[in-house]
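Report on one structure; see the data block that follows.
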Amino acid sequence: RNGIYPLMNFAVSRPHALPRVLSQPQEDPQKAKTPTPEPFDVETRKVVQMQCNMELNEDKTQWHLTLLLILEDKLHRQLSYDLLPTDNSKDLATELVHYGFIHEDDCEKLANFLENAFHKYQS
């Protein structure tokens, strides 16, 4: 009777009051838990093919890396990153393993691939 979206006609004029909670005692700082980072999924598929492209950004001061990885199950994973002057291939490959983008066994292979790409594009 009120159209397609009848609940829109029943908006609350003021928010509902939330029940008050008794204040909880302060925890002892020594007993307080430090937050632990969420574990990342481990990649179980291996990389079967790698392609890399590097371009200078518009301001010509920073390289932009685009990495295409093809995994065993034919999944294509495309990753992009703006390279910093302090970045090196080994650290980038280790970071990809840490975040679950590549299998641990592919770390050294990808580091060598990226090192060759850096020399090719930056020379």
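The values are calculated or read from the model by the stated rules, or taken from the named source; none is laboratory data. Please read all numbers here as calculations on a predicted model, not as lab measurements. Cβ sites come from the backbone with ideal geometry, for glycine too, and all protein chains shown count toward neighbours.
Summary table below
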{"item": "Strands (runs of 3 or more DSSP E) lying entirely in region 34-94 (those with 2 or more residues that are under 15 Å from residue 105 (Cα atoms))", "result": "47-56, 63-71"}
{"item": "Enumeration of residues in region 43-65 that are farther than 18 Å from residue 123 by Cα and at pLDDT 90 or above", "result": "43, 44, 45, 46, 47, 48, 49, 50, 51"}
{"item": "Sole exception among (1) within 13 Å of residue 48 (Cα to Cα); (2) surrounded by fewer than 14 Cβ atoms within 10 Å (Cβ to Cβ) for residue 108, by number", "result": "(1)"}
{"item": "Residues located in region 53-80, provided they are in contact (Cβ under 8 Å) with a residue 24 or more places away in the chain, farther than 19 Å from residue 100 by Cα and under 20 Å from the mean Cα position of the chain (by Cα)", "result": "54, 63"}
